[in-house]
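Chemist: I have a structure here, written as structure tokens, and I will follow up with some questions on it.
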Amino acid sequence: MRHLLACVLAALGCVASVPAAEPEPTSAEATAQVLALADARRFEAARFESLAHNPDAGVRAAVARALGELANQAGAALLGGLAHDPEPAVRAAAAQGAGRLAGMLPEKAGEREALGKELRQLLQDPSPDVRAAAAWGAGMATLRGSDLWVLQRLALEKSPSVQAALLQELWRFSGTLWIKRATTFMTRRDARVRLAAAWSLARSGKAEAVAGLARGAGDKDPLVRMVALEGARRAKPGALWSELLAGVTDADARVRIAALQGLATTLAGDPGRILPPQAVEWLQKLIADADPDRVQERVVAIRLAGAARCCREQLRAAMTGGESWASGEALVAFAQLGEMGSDQTVREWSASSDLARRLAAVRAFRHVNQGQRQLIGALADPQAEVRLAALEALGEDTSPPATAAITKRLEDEDPVVRAAAAQALAERKAVPGTGELLRLLERESGKDVPDAAVALVEALAQGDPFTDEVKAALEKLVASPDPVVARTAWGALVKRGVSLPLPEVKTGEDIAFYRQVAEWAAKPRWLEVVTVRGTLQIALDTASAPLTCFRIAGLSDKKFYDNLTFHRVEPDFVVQGGDPRGDGWGGPGFVMRDELTLAPYEAGSVGISLSGPDTGGSQLFVTLTPRPHLLGRYPHIGTLSAGLEVAQRLRVGDRILRTRVGEGPLSAYYAIWYGPISAERLDREVAGWREEREAYKAQQSWLDMLRTAKLRYGLVVAMGTWCGDSHEQIPRLQAVMLALGERSPFEPPRLVGVDRSKSIDAKLYPYGVVELVPTIVVTTGGSEVGRIVETPKSGSIEEDLVRILAPIEGWELPNG
């Protein structure tokens, strides 16, 4: 009895000593915890186990995505549990996480097979969204036999959206087994399915895909035609020649651009081909077209003219035009013609004080006599931008003089030039020996800009054989305080089959910060980017990338983006800006961890540029057309709610004037119109225009004086449909004209639209530079007699008009 009592008391004592269970965190708190763990790239098994059972499905889905990003083998079991979650959104996130994790683990890791089994089962899930996510996961993991899983599911699949998800991943698999199957989908009724099939066929580069692409080039959907013609850039030169020629005159600009680019690639690979006369004539017209809305198409046409060695006069005219991007591309194309004097023209540009002209000259050196010597000389230019451009322009030149000159750039003062030199040598398989690479890496230790160190790590890892010395050096670098260097070294070791945990990142943030982010991201947010060509209004995707959106918003609040440029414009693909260096290598001084979801990259999607995993910074890109290959591989931070037409007219070098972030509904959006503008269109399409005109009451005394004018006068107005002063003053000008009636001395105003660059066609406005808008020019006999700039000096349009006409008409006026 005494023994029994002791046992009972002991048991009671044991129970009493067990601490109380930790209370379930709220959804907001759990979200903050997931953000903190993912941002630090820290895998805490117990914490993730708890969060994976949180009542909030949104938290569980976030856990599944985070597990895929943390590259920890122990995460596979947790993902296996989440793959059977009752909520489809969680299972879809588990499919994404499983595909990503399987792709990041060493090839021989046993967990890869377990993750593959989950993906194969998720391909049979009742939910279409889950099956679509599993298709992406299979493409990401590229496990042995995963192409067969996808094809087997495709044979059974009835949902067009899932068929499209399966088809658009097929190109990631080696072999040609899938091509015949994908080709059969080119005749399906649903355009999404045909587009996805064309996408994989176009990216395969295989001869077997050409028949399907030829069919797609005649599809009724312009996006299918565009993607099919893009396939010519990977196919054997000439495989789609007739389809490309037909595409040049397509009704859709996206198709025309794809055709022009395909023809340029074909001619580069098969220089013996000649464009037919009608195609040359079309090119000539397009190169001469100054329509601001067609500038990207015009630049592609200029590039084709260089490859085709035609359109000499049009290229000369474009070179002397005022548009920097088109002029530079015209110089490169003109150099390809091999015309007498082209070498001298390129040298003159290279001596210019204008950086854009010098960079164009560097690219043109490849096509002129003694071009290699000029490029090697440019590698020693005082400006880092020129040295960088020369490295790129040397391209595939593997000659000893070029290789020796590039090797010297490993000691360049600019870290980006050093990085580019290391990459160029790695591509040539001409990197220095292990000892020298280790010396260079030691020199990069502690530098603020890690680009050179990263390039050297990648070069070191490519060495063969993979020696113990290299392995030891990489293992040491995994502990680097720079997260990008550490991540690069880790990735190199994993590729060599070494199993290591992902390096943790010291974020410097506490849980309170992540709570703030979660609270901020719970509300609708937007980012407005005002450029010289118009405004991009972005609905931020805080659900997909809360930390990234929060940090981009912080940069905007600090005016980081003001006066930066769009340094990259790829017609039909993306525009990209936000780099303080202006060359694609710069950033804000920190990097962000990737937040990756399956938010689609459609036309107008906004993402973060990367140079590798977890390398995002300040550079944003906007997709101009759907781009499925970006899905789940780049952080998706938003979608254009307005301004896609602005992105489609941006040029290399265009400035970002300002940005701002807001909450709730977006502000009113005003499109930019170019050239002649009719009063009827303003009334019809600009909100409040008619009301402003009808509300304005002109002063009768000034109207009476204007009616006594003896001469006739013209009015030419440079205005901006984006400009508040134009929205105020031009309706008032129209009101004055209406009030004057039949006794008006003025011809109807001729309205000419401009963007924020204020560039204007001199044929429409032959009165010099437009500095401010609106500018109302008063003329008689074709000559200017005065102007009203921005707002009337007197406070009213009618009084300013009287004061302009008074010296001519002989009116005596009171001092104003």
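The values are calculated or read from the model by the stated rules, or taken from the named source; none is laboratory data. All of these numbers come straight from a predicted model, not from anything done at the bench. Glycine also receives a Cβ, built like all others from the backbone with ideal geometry; neighbour counts cover every protein chain displayed. Heads up: the accessible areas ignore ligands, DNA and RNA and are worked out on the full protein's heavy atoms, side chains in. Shrake-Rupley method; radii C 1.70, N 1.55, O 1.52, S 1.80 Å.
Chemist: Before anything else, pin down the relative contact order of region 570-727: Cα pairs under 8 Å, at least 6 apart, normalised by residue count, whole percent.
Modeler: It comes to 19 percent, rounded to a whole number.
Chemist: List the lysines whose Cα lies under 28 Å from the Cα of residue 117, skipping any in the same chain that are fewer than 8 positions away.
Modeler: Once the sequence-local lysines are set aside, what remains near residue 117 is 108, 158, 180, 495.
Chemist: Right, next: From largest to smallest, what semi-axes in whole angstrom does region 691-816 give when each is the square root of 5 times an eigenvalue of its alpha carbon gyration tensor?
Modeler: Each semi-axis is the square root of five times an eigenvalue, giving 23, 17, 13 Å.
Chemist: Shifting gears a bit: Please give the charge dipole size of the chain, origin at the Cα centre, charges +1 on K and R Cβ atoms and -1 on D and E Cβ atoms. Round to the nearest 20 debye.
Modeler: Approximately 1820 debye in magnitude.
Chemist: In a Debye calculation with equal point scatterers on the alpha-carbon sites of region 670-719 and no solvent, what is log10 I(q)/I(0) at q = 0.13, 0.16, 0.32 Å⁻¹?
Modeler: -0.50, -0.72, -1.19
Chemist: Also, quick follow-up: Rounded to the nearest 10 Å², what accessible area does residue 566 show when all protein chains are kept and the probe is 1.4 Å?
Modeler: The value for residue 566 is about 10 Å².
Chemist: Additional query: If you find the alpha carbon centre of region 222-301 and of region 636-661, how far apart are they in angstrom?
Modeler: Each part reduced to its Cα centre gives a spacing of 26 Å.
Chemist: Same structure again: Mind listing which GluC sites (Glu not before Pro) in region 350-438 are in a DSSP loop and have 14 or fewer other Cβ atoms within 10 Å?
Modeler: Those satisfying the criteria are 396, 413.
Chemist: Once the other residues with Cβ under 15 Å from the Cβ of residue 703 are scored (Lys, Arg +1; Asp, Glu -1), what is the net sum?
Modeler: Around residue 703, the charge tally is -1.
Chemist: Something else now. Taking every pair of distinct Cα atoms and averaging 1/r, then inverting, what Kirkwood hydrodynamic radius in Å comes out for region 150-190?
Modeler: Hydrodynamic radius (Kirkwood, Cα pairs) of region 150-190 is 10.5 Å.
Chemist: What dipole magnitude, in Debye to the nearest 20, does region 565-613 give about its Cα centre under +1 on Lys/Arg Cβ and -1 on Asp/Glu Cβ?
Modeler: It works out to roughly 180 debye.
Chemist: Based on alpha-carbon positions alone, could you give the equivalent ellipsoid semi-axes of region 147-302 from the gyration tensor, as √(5λ), descending, whole Å?
Modeler: They are 31, 17, 11 Å, listed largest first.
Chemist: Another question, if that's okay. Note down the net charge around residue 177, summing +1 for each Lys or Arg and -1 for each Asp or Glu among other residues with Cβ under 12 Å from its Cβ.
Modeler: Around residue 177, the surrounding residues sum to +1.
Chemist: So what's the chain giving for Cα Rg divided by 2.2 N^0.38 Å, two decimals?
Modeler: Normalised Rg, Cα atoms only: 1.12.
Chemist: For the chain, what's the relative contact order in percent, using C-alpha pairs closer than 8 Å and at least 6 residues apart?
Modeler: In percent, rounded to a whole number, it is 7.
Chemist: Highest first, please rank the peptides 720-732, 266-278 by the mean number of other Cβ atoms sitting within 10 Å of their residues.
Modeler: 720-732, 266-278
Chemist: Moving on to the next point. For region 593-643, what size does the Cα cloud have along each of its three principal axes, sorted from largest down, in whole Å?
Modeler: 28, 20, 14
Chemist: What whole-number value in Å² describes the accessible area per residue of region 151-304 for a 1.4 Å probe?
Modeler: Using a 1.4 Å probe on heavy atoms only, each residue of region 151-304 averages 42 Å².
Chemist: If the convex hull of the alpha-carbon atoms of region 409-451 is projected onto planes in all directions, what is the mean projected area in square nanometres?
Modeler: Projected area, direction-averaged: 2.8 nm².
Chemist: Right, another one. Keeping every protein chain in place, order 495, 758, 476 by accessible area at 1.4 Å, biggest value first, i.e. largest first.
Modeler: Result of the area sort, largest leading: 495, 476, 758.
Chemist: Of the listed peptides 569-582, 760-773, 526-539, what is their order by residue-averaged count of other C-beta atoms within 10 Å, with the highest listed first?
Modeler: 526-539, 569-582, 760-773
Chemist: Tell me, what is the Rg over Rh of region 501-606, with Rh the Kirkwood radius over Cα pairs?
Modeler: Rounded to two decimals, Rg/Rh equals 0.96.
Chemist: Taking 8 Å as the Cα distance limit and 6 or more residues as the minimum spacing, I'd like the relative contact order of region 10-139 as a percentage.
Modeler: 19
Chemist: Next up: Report in % the part of the accessible area of the chain that belongs to carbon and sulfur, leaving out ligands and nucleic acids; probe 1.4 Å.
Modeler: Carbon and sulfur together cover 52 percent of it.
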